1. So for the chain: antiparallel DSSP bridges make up what percent, rounded to the nearest 5?
2. Binning every alpha carbon pair distance of the chain at 5 Å from zero, what are the percents per bin?
3. Can you find, among LEU129, LEU160, ILE141, the residue sitting farthest towards the positive end of the charge dipole of the range 126-170, where Lys and Arg contribute +1 and Asp and Glu -1 at Cβ?
4. Which entries of LYS40/LYS260; LYS56/LYS273; LYS21/LYS273; LYS56/LYS96; LYS210/LYS260; LYS97/LYS149 have Cα-Cα distances beyond 25 Å here?
5. Nearest 500 deg cm²/dmol is fine: what mean residue ellipticity at 222 nm does the chain get from its DSSP H runs of n ≥ 4 alone, each adding -39,500 (n - 2.57), divided by its residue count?
6. GLU89 versus VAL225, label points 7 Å from Cα toward the beta carbon: distance in nm?
7. Ranked by accessible surface with a 1.4 Å probe, highest first, in what order do GLU173, GLU279, GLU183 come?
8. Straight-line reach only, C-alpha to C-alpha below 16 angstrom: list the aspartates and glutamates that LYS57 could link to, leaving out same-chain residues fewer than 8 apart.
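The values are calculated or read from the model by the stated rules, or taken from the named source; none is laboratory data. Since the structure is predicted, the reported quantities are computational estimates derived from the model, not experimental observations. Here Cβ is always computed from backbone atoms with ideal geometry, including for glycine, and neighbour counts include all displayed protein chains. Calculation scope for accessible area: heavy atoms of the full protein, side chains included, ligands and nucleic acids excluded. Shrake-Rupley method; radii C 1.70, N 1.55, O 1.52, S 1.80 Å.
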Amino acid sequence: MIRNKYTGEDVIFSCEVFPPKRDDDIYEIFQTLDAIEDLKPDYISVTYGAGGSNSKKTAKIASYIQNVCDVEALAHMTAVGMTRENLAERLGELQKKAVKRILALRGDKPRTMTEEEFEGREFRYASELIREIRDFGDFHIAAACYPEKHPESPDVETDLRYLKEKCDLGVEELITQMFFDNEKFYRFREKLDQIGIRASLHAGIMPITKVNQLGTSVSLSGSSVPTALSNLIAKYAEDPAGMRQAGIEYAIRQVEDLMKHGVTGIHIYSMNKADVTREIYSEIAG
Ligand code: FAD
């Protein structure tokens, strides 16, 4: 927990890492985790490769977080690429490793999967996976949410209806898609309140430390980019060190503003960069 220096309340602080593509690079992520561990985050989440690729690495890294770093691990898991049979196997494996938290997601179609395979998946939505995990028992379940709506959703109200369905199945925690405009988050939070969603809400903050980051993960997320941020990117197009610093400062300003507005959870999309996470943490921890 960190202390909100504006309200005096506790704020859940967490971050996300992803498994490296090459098996040989797994030790690099362990080093990153060693460097994050002493910030004592409330949990560290580990992503799951599209369609279940890398799932063994997710479990291995989650186990390292839980058992070596002694920090709560949150293992991501997707419906895409999952069958009932291998779900039971994956859950059993996580149980054995004492990993108790799961972020249950639908996932997206990986490039290597045909449309037919994607459409024929056993669990259609995150909610179906959540139901199955809940019935298996003994897991703390988290889910994703989208302050600017999920890109495939026709409108915010429809998206929220399905989000409520996930929460009613027993989701205890919601982690937002990255957003760069806090006003969007505040409006979303109000709507959750109005429809009776009480799960703990964690604001997903992505520090933009490289000019090309917007072209990849951000454009896929459907999150809007305010002029202030696109101006920074234009300004530092030829200055990587300047971009890094400006991106960290943007993220810090975002978090400070969220804290002033009484946010109770901050989740940093760390992109496996311990130094960036540490710089943000040291500014925001009260
Ligand atoms: P769902 O909640 O199933 O929603 C998907 C869409 O279907 C939405 O438009 C929703 O409105 C609609 N919908 C939901 N239920 C129904 C229903 N019953 N009937 C009709 N429509 C419905 N992807 C990965 O592959 N690996 C990861 O590790 C990963 N981590 C993520 C972490 C976070 C915090 C976030 C925000 C996203 C992450 N993603 C990850 C991406 C995620 O898999 C995609 O955004 C995916 O497109 C949607 O997943 P979801 O769990 O939100 O889906």
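1. Taking every DSSP beta bridge within the chain, about 5 percent pair in antiparallel fashion.
2. 1, 5, 12, 16, 19, 18, 15, 9, 3, 1, 0
3. Result: ILE141.
4. Checking Cα-Cα distances, LYS210/LYS260; LYS97/LYS149 exceed 25 Å.
5. -12500 deg cm²/dmol
6. Between GLU89 and VAL225, the simple spin-label model gives 4.1 nm.
7. GLU183, GLU279, GLU173
8. GLU16, ASP23, ASP24, ASP25, GLU28, GLU89, GLU93
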